[in-house]
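Have a look at the structure below before the remarks.
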Amino acid sequence: MGSILAGNPVNSYVIGDSLLTAGVGLAGVLALLLTWVNVALIQLPLEAAALGWRFAIVRNFSGIVMAVITSSLVFLWGVGI
Amino acid sequence: MTSSLVLLKGSKRLLKPWLFPLGVVCIYGLGLALAPNETYNAIQISRSMLGQLALPLCLAVVMMAVLNRYLSPATITRFLGQKTGFKGIVLSSLAGILSMGPIYAWYPLFKGLKEKGVSIFIVANFIGCRSVKPVLLPVLVAYFGWRFASVFVLMSLIGALGTAYIVALTCSEKGSAKAG
């Protein structure tokens, strides 16, 4: 969701808060917040034009992977947040 | 003819910032006409949210004004230069954290940095660290609390480093990761 949606990060806080209220886990909300700014699939052509397709694709893809890894770590670690 | 065109453009520019609030007012107006009780409840919830977020939002606006006044892409380029190693990582992280505005506004800077010989790792780390927004920290804390905000910042920085490492490993011209 965070990779596809775009806009001011405050929007992701509002959506994240609503997701928490709806019963989604903190790790999932963390993944949303992490990918909201870091991964921009909509802006991929623009990033590719400036930095190259390879850079844009690898950066966005690894952004998603890192968000999943770090959120899973938080979930497994069981941080009392 | 020309003056009426200029007038039309001027009024469009004046109206543009009010489109969203006017749209919201129209929706609430429609809601009050169709389902007054539910709309009244929605207004109450919005009012209580505004009360909770008023102080963090004011703080965010003040910090944004200060950063916009003193930090521009040109300043960042000068500040980052061709720093490498640990210093490069720290400076690119700081630049990413302090940079504001939409990401596409920064692409020319990234392109310029890359052309100046700044490593791909530094550029990717800069982009990754943009998810940490100090100006929005009070709002983040207001929504999720200090613990979640701290974990989010820590994970963002770790994620940015990891992403930069993968990008450097994959996209570096020499085919090897040169961290900074």
Residues of segment B:145-162 being part of a helix (DSSP H, G or I) and more than 7 Å from chain A (Cβ to nearest Cβ), which ones? B:Trp146, B:Ala149, B:Ser150, B:Val153, B:Leu154, B:Leu157, B:Ala160, B:Leu161
Filter segment A:1-57 for residues that are within 7 Å of another protein chain (Cβ to nearest Cβ) and touching a residue at least 40 places away in the same chain (Cβ under 8 Å); which is surrounded by the fewest Cβ atoms within 10 Å (Cβ to Cβ)? A:Leu26
Which of the numbered conditions does B:Gly85 fail, given that it passes all the others? Conditions: (1) at positive phi; (2) modelled with pLDDT of 80 or more. (2)
Given the conditions (1) surrounded by fewer than 23 Cβ atoms within 10 Å (Cβ to Cβ); (2) more than 7 Å from chain A (Cβ to nearest Cβ); (3) touching a Leu at 6+ places or on another chain (Cβ under 9 Å), report the number of the one that B:Asn125 does not fulfil. (1)
Filter segment A:63-74 down to the residues that are under 11 Å from the mean Cα position of the chain (by Cα) and either within 7 Å of chain B (Cβ to nearest Cβ) or buried (at least 18 other Cβ atoms within 10 Å of the Cβ) (or both) and list them by number. A:Gly63, A:Ile64, A:Met66, A:Ala67, A:Thr70, A:Ser71
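The values are calculated or read from the model by the stated rules, or taken from the named source; none is laboratory data. Nothing here was measured: the structure is a model prediction, and the numbers come from that model. We place every Cβ from the backbone using ideal geometry, glycine too, and count neighbours over all the protein chains shown.
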